[in-house]
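Quick notes on the structure that follows.
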């Protein structure tokens, strides 16, 4: 069986605790499992509200944060145990596109600097001519021309142009995976469609997989192959994107999908805010279902332990005791699956 391109095993990240363990702990991500295979290239969506653990996951994959427990393996190698050469290759093959591209640019340099820096760092070209051709090729993929943008400063470009240039820079390195953290949340609707179309183009024509981080279920539905819906660091539901969004089974995901406005002037959009209670259950990995305070179908046993993922159907699972007995429980981790 081929080794997965990226495999996340029981990833847990806990913040806080203080030097001597006396501070308040927050479980940002708990027992997260994900596998991305080398072929075919896919777009895997990580969705959820602010504070659900989406960006923590992205930063863990990119190596900006260290796991509290668990593993992240790239081509079978734990990224925490990589040697210098393996880490160098990982940095090139796993690229990132962030929510606010302006934060990535140095305002004192022309925008061509971000391309030249990457070419120099990864030794992608032998001379300036080859470097320029490489940059132009990357810009063409995202519908831009070097003569129009490379000599400008970041503030002279629109938000959409800056974001497309970051996608071009990532593509130029010929990555295997791009971690896209809310890449379209700061651009208008027309540019959003363009960037999503570029992502599909890179997946279909260049074999680049995406880990797409978003709070927007509509864009996830448009381009995602698989979806993981997080709630306070735990997976509430996962599976085929169309199945999860069209037929959500976890009470949280049902509320999330039902909150999407219907494009019908006869249907009024409920604008009343219902704030969740304090995240008192997030301070311990041993607490029960974190959605319990908000769940319309809560049961006493939900407080005793975190519900496991139950298989609803092929490529569709939900972490809710409502499905206990009806379907088989999935193994908690790859290790459990092998046992």
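The values are calculated or read from the model by the stated rules, or taken from the named source; none is laboratory data. All figures in this text were calculated on a predicted structure; none of them were measured in a lab. Note: ideal-geometry Cβ built from the backbone for every residue, glycine included; neighbour counts use all protein chains shown.
Being farther than 27 Å from residue 149 by Cα and in contact with a strand residue (DSSP E or B) (Cβ under 6 Å, 6 or more places away or on another chain) is a property that does not hold for residue 170. Hey, does segment 182-191 have a residue that's crowded, with 20+ Cβ neighbours inside 10 Å and within 15 Å of residue 222 (Cα to Cα)? Within segment 182-191, one or more residues are crowded, with 20+ Cβ neighbours inside 10 Å and within 15 Å of residue 222 (Cα to Cα).
The C-beta contact set for segment 286-306 (first residue at positive phi, second residue crowded, with 17+ Cβ neighbours inside 10 Å, distance under 7 angstrom, 6+ apart or interchain) is empty.
Residues in segment 61-75 that are touching a helix residue (DSSP H, G or I) at 6+ places or on another chain (Cβ under 8 Å) and surrounded by fewer than 19 Cβ atoms within 10 Å (Cβ to Cβ): 4 in all. Filtered by the rule that a residue be assigned to a loop (DSSP other than H, G, I, E, B), surrounded by 20 or more Cβ atoms within 10 Å (Cβ to Cβ) and modelled with pLDDT of 95 or more, segment 30-60 gives a lone residue, 41. Restricting attention to segment 184-222, the residues that are more than 17 Å from residue 244 (Cβ to Cβ), out of contact with any helix residue (DSSP H, G or I) (no Cβ under 6 Å at 6 or more places or on another chain) and in a loop (DSSP other than H, G, I, E, B) total 3.
Against the criterion of being part of a helix (DSSP H, G or I) and closer than 19 Å to residue 178 by Cβ, residue 80 does not qualify. Inside segment 154-186, can you point out the residues that are more than 27 Å from residue 132 (Cβ to Cβ) and over 16 Å from the mean Cα position of the chain (by Cα)? The answer is 186, and nothing else.
Being closer than 21 Å to residue 92 by Cβ, touching a residue at least 60 places away in the same chain (Cβ under 8 Å) and in a helix (DSSP H, G or I) is a property that residue 134 lacks. Among the conditions (1) farther than 30 Å from residue 30 by Cα; (2) over 21 Å from the mean Cα position of the chain (by Cα); (3) not in a loop (DSSP other than H, G, I, E, B), residue 86 misses just one, which is (1). The residue that is modelled with the lowest pLDDT, among those in segment 137-151 that are over 28 Å from the mean Cα position of the chain (by Cα) and surrounded by 12 or more Cβ atoms within 10 Å (Cβ to Cβ), is 146.
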